[in-house]
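Written below as structure tokens is the structure these notes are about.
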Amino acid sequence: MKTILVTGAAGGVATRVRPWLREHYNLRLLDLREAGGLAANETAIAGDMTDRDVVQQTTQGVDGILHLACTYSLDIDFEATLDANYRAQLYLLDACREFGIGRFVFASSHHVLGQHRVEGFAGDDAPVAPDGFYALSKVFGEAACALYAHRHGLKALSIRIGNADEQVADERRQHIWVSGRDLAQLIRIGLEHEDITHDVVYGVSRCPAPFFHNGRAVALGYAPQDSAVDHLAPAFLAREAMPPSAGPGFVGGPYVPQPLLVRTPR
Ligand SMILES: NC(=O)c1ccc[n+]([C@@H]2O[C@H](COP(=O)([O-])OP(=O)(O)OC[C@H]3O[C@@H](n4cnc5c(N)ncnc54)[C@H](O)[C@@H]3O)[C@@H](O)[C@H]2O)c1
């Protein structure tokens, strides 16, 4: 079995995809806190990926990296994103170059397109329109993947994840929801498919009136198994019931009405 380093391995997305991935890979699980619920072929490491020594130690000997860890909040300021979302990603990509790691799967986000209005949205091919500093860091992350793919031959897949919650909370998320099983299928495409340079796909299951048709993912063999309509939360909010703070008219929802904060470093 190949060994894959998973960053952010104690987080929500990792917890949902690990059961599907560990059937195929040994997983080395990196997070600030030790990930729980370990299977026999999973190893947990508590460490901070913003420390380059930690990245160097934990990447040696792996066949690929699934990069999920990041810092985010609705109103995160630019300075707060720098270490985890910019520097650490470059440390990881540069470790791929240094140690000959051939695969990198990056958890990007639909928020790179978040500022687009839902009405008339162009979907897969819409130009980037990040809805805040979290989203801006994802645009950087994708570009950094492209840099290492084209410069060093790394095969990288950026997955613009829609919404990976257990249940679908509202109508906006109904258009972009993804199950753990379907996301794991996309991750495996990123770790295995030969026809990847740096490709961008959408982390979405079968959704009614989908924001994304996910043409590139389908071309790479993606066939989602799960459907958003089968996972509606009991308190599901239709669009008319969503408050303005939820940004119902925008692809990025609640991130859009937030202030943009650039703080000066102390
Ligand atoms: N959950 C979603 O619906 C969703 C949607 C779009 C994109 N994403 C992306 O998927 C990824 C995972 O999201 P999630 O919902 O699991 O988030 P999460 O907050 O549940 O998990 C992130 C994990 O990263 C870890 N982490 C943060 N900084 C770290 C550091 N310096 N070193 C090591 N570990 C660190 C945290 O401890 C946490 O366990 C993120 O990159 C996120 O942007 C998630």
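The values are calculated or read from the model by the stated rules, or taken from the named source; none is laboratory data. It should be emphasised that the depicted structure is a prediction, and the values quoted were computed from it without experimental measurement. So basically every Cβ, Gly included, is an ideal-geometry build from the backbone, and we count neighbours across all protein chains shown. Please note that ligands, DNA and RNA were not included when accessible areas were found on the heavy atoms of the full protein model with its side chains. Shrake-Rupley method; radii C 1.70, N 1.55, O 1.52, S 1.80 Å.
Going by the conditions given, is GLU142 modelled with pLDDT of 95 or more, under 13 Å from the mean Cα position of the chain (by Cα), of a type in the set (Asp, Glu) and more than 10 Å from the ligand (Cβ to nearest atom)?
Details: modelled with pLDDT of 95 or more: yes; under 13 Å from the mean Cα position of the chain (by Cα): yes; of a type in the set (Asp, Glu): yes; more than 10 Å from the ligand (Cβ to nearest atom): yes.
Against the criterion (modelled with pLDDT of 95 or more, under 13 Å from the mean Cα position of the chain (by Cα), of a type in the set (Asp, Glu) and more than 10 Å from the ligand (Cβ to nearest atom)), GLU142 qualifies.
When the range 223-266 is examined, which residues are found to be of a type in the set (Ser, Thr, Tyr) and within 22 Å of the chain's Cα centre (by Cα)? Show your work before the answer.
We begin by selecting, within the range 223-266, every residue of a type in the set (Ser, Thr, Tyr); these are 227, 245, 255, 264.
Those that are of a type in the set (Ser, Thr, Tyr) and within 22 Å of the chain's Cα centre (by Cα): SER227, TYR255.
Within the range 149-179, work out how many residues are buried (at least 22 other Cβ atoms within 10 Å of the Cβ) and in a helix (DSSP H, G or I).
Of the residues in that region, 3 qualify.
Can you tell me which residue within the range 18-54, out of those that are closer than 23 Å to ILE159 by Cβ and near the ligand (Cβ under 9 Å from one of its atoms), is most open to solvent (accessible area, probe 1.4 Å)?
Once the filter is applied, the top-ranked residue is LEU32.
Yes/no per residue for (1) over 19 Å from the mean Cα position of the chain (by Cα); (2) assigned to a strand (DSSP E or B); (3) free of Cβ contacts under 8 Å to residues at least 40 places away in the same chain:
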position: THR43; (1), (2), (3): yes, yes, yes
position: VAL54; (1), (2), (3): yes, no, yes
position: GLN57; (1), (2), (3): yes, no, yes
position: GLY61; (1), (2), (3): yes, no, no
position: LEU66; (1), (2), (3): no, yes, no
position: ALA69; (1), (2), (3): no, no, no
position: TYR72; (1), (2), (3): no, no, no
position: ALA80; (1), (2), (3): no, no, no
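If a residue has to be surrounded by fewer than 17 Cβ atoms within 10 Å (Cβ to Cβ), of a type outside the set (A, V, I, L, M, F, W, C) and farther than 11 Å from GLY141 by Cα to count, how many in the range 81-101 make the cut?
4
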